[in-house]
Structure formats: C-alpha cells, structure tokens
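**Q** Quick one: this structure, given as structure tokens, is what I'll be asking you about.
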Amino acid sequence: MSDVLLSALAGVLDPVSLILVVLGTAAGIMVGALPGLTATMAIALLVPFTFGMAPIHGLVLLGAIYCGAIYGGSFSAILINTPGTPSAIATTFDGFPLAQKGEAYRAIVVATLASVFGGLVGVGFLIFLSPPLARASLRFGPPEYFWLAMFGLTIIAAVSPRSTLKGLVGGGIGLLIATVGIAPIEGSVRYNFGTISLQGGISLIPALIGFFCIPEVFRMVEESRESGTVIPYRRQRRMVTRVFHALLRRPWLMIRSSLLGTLIGIIPGAGGNIAGLVSYNEAVRASANKDRFGKGAIEGVAASEAANNASVSGALIPMLTLGVPGAPPAAVLFGALLLQGMRPGAELFTAHARITYAFLFSLILANLAMLPLGLYLGKAVARLMQKVKVQTMAPLIIFLSMIGSYSIYNNIADIYVMVVTGLLAFALRKAGFMPGPIVLGMILGPIAEQGLMQSVLMGRARESLTAVFFGRPISMILIALTGLSVATPIVVQWRGRHSAVHHGPVHHGPVPPAREDEEEGGEDL
C-alpha cells in the first residue's frame, strides 16, 4: 500500500499536475465569483475536454475547479452582496456588512483562511473514511444496492428546498429517463422511439450538460443580471497575521463548522448551501454576543466558509465509495470517472488506487493553493465581476455545451440529447422541479433496476422474495434509513405548521435572499 501512496504522491507532484492544480483553482475562483455561473456548470462544460487527458490530470483539474469555485463564491458575496454560488449564501450575512464598513479585505482574508481550513479538514475525512467505506461496499449484494438507490432517492427528495413531493417526482423522472435503451438483465430495447442512437441509453455527460448548463443560461438571459457595484478595497499589511490569530482564538468555531460541513456534505442533496446556513446558525447559537451577527461579525463569515468548503470533500465520500453523489458537482465528477472507465466503489481503491489517491492528494494542494491565489488575485477577480456581461457569457456557454457534448463520442445525437434535456430541465424548473433529484434519479436508476431484477431472480431461486428483500441485515438498515428520510420532512413540516398556528411565525437571524440557484449540492442535489 505504501508503494501505491508514494506512486500517487509522485503523480500529483508531477509538474503538469501541479500546473493543472494552480490553473484549475484560479479558474474555479473566477467562475465562482461571477454570479450566474456555478461549479457544476464549469465542471460539466470541462468534463468532455478532459477525455483525451491522462486520468490523473483530468481528475486533478476538475477537482481543483470544484474547490476553487466554492471558495470563489465568497468574493461576490462580500463585495456585491450576491452569492456567486449558492454555497456562499450565508457568507453575505456578515461579509457584505464588513465590506460596507470599509473592511472588505478583512472579510476576504477571513473567508480565505476559513475556506482553506475547512477544505483541509474535509479532505482529511475523505482520505481516511473512503477506503474502509469502499471495502464495506464489497458486502453489498443486489438487494443492498437496490435499497441504497431507494435511500439515495428519498434523501435527495427530503432535502429538496421547495417541496418533498416535487423532489420525489423529480427523482421518478430521472428513473424514467434511465430506462431508455437496452434493459440491463433481459436485453429488451425500451423507449428508443425507433432510433438506433438511443439503444445504448441517454448519454450521461450530454444529459448532465443539458440539465445543469442550459437552464442557467436561460435564467441569466431572463434576468439580464449584470454585476452590481463592487465595493473597492485594498490590501492591508499584517491583516493576514491578525486574522489568523483572531481565528486561532476561536478553535471550536473552526472545528465545529468544518465537521458540520463534512457531515452535511455526505448527505446526498444537502450540499454547501445547507452546510453554510446550518453552520452559521450554530455559530449564532453558540455566541455570547448574538447581536453582532448580521452586522459584520467575522465569526459568521468564518463559519459559513469553513462549512461550505468542507462539504466539497464530504460530497465526494458517498460518490467515490457507493456511487451516490452528495452534490451536483460530485454527480458530474461521477460522470467523469465513468468516462475514464473507473467505477466508484472498492475498485477505485484497488485497481485504480494510484489514480484515486493522486486525485485525493490533489485536493489538499488545491485547498492550499486557494490561500495565495485568493489573496493576490482578488483585485483581478473584482474587476472581472464588473466587466463580464451576460451578453458575453450566454453564447459562450451554449457554444461550449455543444462542443463538449459532441466531442465525447463524436456523435451528433449527443447534441440533440443535450438540447432536449436542457429544454426539459428549463421547463421543469419553471414548474418548480430542480435538476438535482432528476440527475440523481438518472444515476441511481441503473443501480436500482439491476439490483431489483437480480434480487427478483435470487428470490425465485430461493422461493422467497421476502427473505431476499427484507431478510438481510444491511438491507434492513437501509430500509429503516429510507423510512426515516421520508418521514422526517413530513414531521418537521407538520410541527412547523402546528407551531405557526399556536405561536405565530418566529424569525431568528437574517434570511437568505430568495434565489432559484442551482446546486452545488443542494445547490440542488
């Protein structure tokens, strides 16, 4: 094992990998800072272009963009009070008030140091938790994979921000899309509408591009949202040292926020936005001086940024070990793994161990790279936020979407898939259905169907379907978790209505702006 780790370390310290880490992190910061663009969109657009790269280099680049984009959202949150990514919603609560007081650079330094700390804590959990969880997945048979898929679908619906029912329906739509093509067991051709190009099913990467990029372009054009006035700032000497010492005096704040971010990131569909909001709320609850929050408290910025950056690695844990993405960017990375012939699970840490560990080590470098890049590229990022317009971004994204969809298999049908899924996603979003549950349904559909059909065959052989589906310990645990994930939001909504009727609405702390933002995890997955 030590030889594999040393080989992985040598792979990530290769000059090409190091350059890709720096470029990917810098590009991610810029993408995250521009309102309207998201980490999911950036990764989805770039996945096809990594197909011709070495697997290590492709994954290193995508991972660095993911880390950088989540952190980059803090710039627009602080400087123009608009979260560049949904993960930065809670950062606006205290980051923008600090900027209004003339302390924008202080807020950026706090966000940077907290992001680096949270990101490193998350990567630590990812490195140490993933291998044992992947080994545990070897004990999964067809029934366990079926119930795991059901659990993933219910939990994504449970954290759907607007409606649990719509989340479940969205997952069902994804399951239906996954049935297009040849059935995995009996080999019958379904729903291909007489088209040979659909016999292999809906291509995952073009569909991901369609679901996550096209609706965002339409939304940008509809809103014609231009960047607001960026609050100017200048670097101050010794500010990094002063902020570092200030955060050192609050170790529990940083540790608690990072742990919360990692744990919430593991939950499929929760994502960085929920992690940031929960962590911010806990920081307010634990503070002896709650009145400072919402007026420029550095604890609020630190809590939000440490949590949302820790959630990046948290979202990768179930994706790498069980094939269940914890956030939309992780779902796109799932597609990138499949494109390179790597299937999530124990195989990643055995047959592809060198590539996998190189990818994990590269996340450490990407988080460390955020420190100098964030502090020294800040001025350039601020200017970019003012100059880049929707009229430039929208056609460029459409062009890259078409090129990326076509370039994977050089198949014109994939462009049609991208366009149709994009228009479908836009129409469904208008009806209140977010793309996260639909995409997760597409990913979990084949797992659920194969597990179901194989379990049925096992039950027929044993003459007891009940014993196969309900007589295995892991299956029973997953069934209990599935029931709990369905029941919890129902109980919470009932208690909320009951409390409102008897006590009236209660408001605690600032309320995030109403946005129909994607995804970066819940971001909407």
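The values are calculated or read from the model by the stated rules, or taken from the named source; none is laboratory data. Nothing here was measured: the structure is a model prediction, and the numbers come from that model. When we count neighbours, we look across all protein chains shown, and the Cβ atoms used for this are built from the backbone with ideal geometry, even at glycine.
**Q** Here are some conditions: (1) surrounded by fewer than 19 Cβ atoms within 10 Å (Cβ to Cβ); (2) within 15 Å of Ala183 (Cα to Cα). Gly471 meets all but one. Which one does it not meet?
**A** Answer for Gly471: the failing condition is (2).
**Q** Out of all the residues in the range 78-93, is one or more closer than 30 Å to Gly296 by Cα and aromatic (Phe, Trp, Tyr)?
**A** yes
**Q** Answer yes or no as to whether Leu46 is farther than 30 Å from Asp414 by Cβ and either over 17 Å from the mean Cα position of the chain (by Cα) or surrounded by fewer than 23 Cβ atoms within 10 Å (Cβ to Cβ) (or both).
**A** Judged against the criteria, Leu46 is not a match.
**Q** Quick one: which residue in Arg135, Arg139, Arg106 is farther than 26 Å from Met342 by Cβ and of a type in the set (D, E, K, R)?
**A** Only one candidate passes the filter, namely Arg106.
**Q** Name the single residue, out of those in the range 72-114 being within 18 Å of the chain's Cα centre (by Cα) and in a helix (DSSP H, G or I), that is surrounded by the most Cβ atoms within 10 Å (Cβ to Cβ).
**A** Of everything passing the filter in the range 72-114, Ser87 is surrounded by the most Cβ atoms within 10 Å (Cβ to Cβ).
**Q** Just wondering, is there one or more residues in the range 140-158 that are surrounded by fewer than 20 Cβ atoms within 10 Å (Cβ to Cβ), over 30 Å from Ala369 (Cβ atoms) and at pLDDT below 85?
**A** No, the range 140-158 contains no residue that is surrounded by fewer than 20 Cβ atoms within 10 Å (Cβ to Cβ), over 30 Å from Ala369 (Cβ atoms) and at pLDDT below 85.
**Q** Return the residue satisfying two criteria in turn: it lies in the range 125-142 and is of a type in the set (Gly, Ala, Ser) and more than 18 Å from the chain's Cα centre (by Cα), and of such residues it is farthest from Ile364 (Cα to Cα).
**A** Gly141
**Q** Restricting the range 235-285 to residues that are among the polar types (S, T, N, Q) and surrounded by 14 or more Cβ atoms within 10 Å (Cβ to Cβ), which is nearest to Ile127 (Cα to Cα)?
**A** Per the criteria, the residue is Thr262.
**Q** Kindly establish whether Leu175 is touching a strand residue (DSSP E or B) at 6+ places or on another chain (Cβ under 7 Å), of a type in the set (A, V, I, L, M) and touching a residue at least 40 places away in the same chain (Cβ under 8 Å).
**A** No; evaluated as a whole, the condition is false for this residue.
**Q** Mind checking which pairs have a first residue in the range 107-125 that is small (Gly, Ala, Ser) and a second that is buried (at least 24 other Cβ atoms within 10 Å of the Cβ) and not in a helix (DSSP H, G or I), Cβ under 9 Å, 6 or more apart or different chains?
**A** Taking only residues 6 or more apart or on different chains, not a single pair turns up.
**Q** While we're here: For Met239, indicate whether it is aliphatic (A, V, I, L, M) and either under 13 Å from the mean Cα position of the chain (by Cα) or more than 25 Å from Lys379 (Cβ to Cβ) (or both).
**A** Here the answer is no, as Met239 does not meet what is asked.
Residues are listed down the side, and each one gets a yes or a no for (1) of a type in the set (Gly, Ala, Ser); (2) under 15 Å from the mean Cα position of the chain (by Cα); (3) under 22 Å from Ala331 (Cα atoms):
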site	(1), (2), (3)
Val278	no, no, no
Ala283	yes, no, no
Phe293	no, no, no
Ala302	yes, no, no
Asn309	no, yes, yes
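**Q** Here are some conditions: (1) crowded, with 24+ Cβ neighbours inside 10 Å; (2) free of Cβ contacts under 8 Å to residues at least 12 places away in the same chain. Ala288 meets all but one. Which one does it not meet?
**A** (1)
**Q** Taking only the range 185-220 into account, find how many residues are in a loop (DSSP other than H, G, I, E, B) and either surrounded by fewer than 17 Cβ atoms within 10 Å (Cβ to Cβ) or among the small types (Gly, Ala, Ser) (or both).
**A** 13
**Q** Give the residues of the range 361-392 that are over 29 Å from Ala310 (Cβ atoms) and touching a helix residue (DSSP H, G or I) at 6+ places or on another chain (Cβ under 8 Å), sorted by residue number.
**A** The one that is over 29 Å from Ala310 (Cβ atoms) and touching a helix residue (DSSP H, G or I) at 6+ places or on another chain (Cβ under 8 Å): Val390.
**Q** Shifting gears a bit: Find all pairs meeting these conditions: Cβ atoms under 7 angstrom apart; at least six residues apart or on different chains; first residue within the range 189-210 and on the phi < 0 side of the Ramachandran plot; second residue charged (D, E, K, R).
**A** Pairs that qualify, where the first residue is on the phi < 0 side of the Ramachandran plot and the partner is charged (D, E, K, R), are Ser203/Asp414; Pro206/Asp414.
**Q** Then there's this: Is it true that Met442 is at pLDDT 85 or above, within 24 Å of Val312 (Cα to Cα) and either hydrophobic (A, V, I, L, M, F, W, C) or surrounded by 13 or more Cβ atoms within 10 Å (Cβ to Cβ) (or both)?
**A** Spelling it out, Met442 is indeed at pLDDT 85 or above, within 24 Å of Val312 (Cα to Cα) and either hydrophobic (A, V, I, L, M, F, W, C) or surrounded by 13 or more Cβ atoms within 10 Å (Cβ to Cβ) (or both).
**Q** Looking at the range 331-374, which of the residues that are at pLDDT 90 or above and of a type in the set (Gly, Ala, Ser) is surrounded by the most Cβ atoms within 10 Å (Cβ to Cβ)?
**A** Ser362
**Q** May I pose another question? Given the conditions (1) hydrophobic (A, V, I, L, M, F, W, C); (2) out of contact with any Ser or Thr (no Cβ under 6 Å at 6 or more places or on another chain); (3) buried (at least 16 other Cβ atoms within 10 Å of the Cβ), which single one is not true for Ile412?
**A** All conditions are met except number (3).
**Q** Same structure, new question: Looking at (1) aliphatic (A, V, I, L, M); (2) closer than 30 Å to Val169 by Cα; (3) surrounded by 22 or more Cβ atoms within 10 Å (Cβ to Cβ), which is the only condition Val420 fails?
**A** Result: Val420 fails condition (3) only.
**Q** Name the single residue, out of those in the range 399-439 being of a type in the set (Val, Ile, Thr) and over 22 Å from the mean Cα position of the chain (by Cα), that is modelled with the lowest pLDDT.
**A** Ranking the candidates gives Ile408 first.
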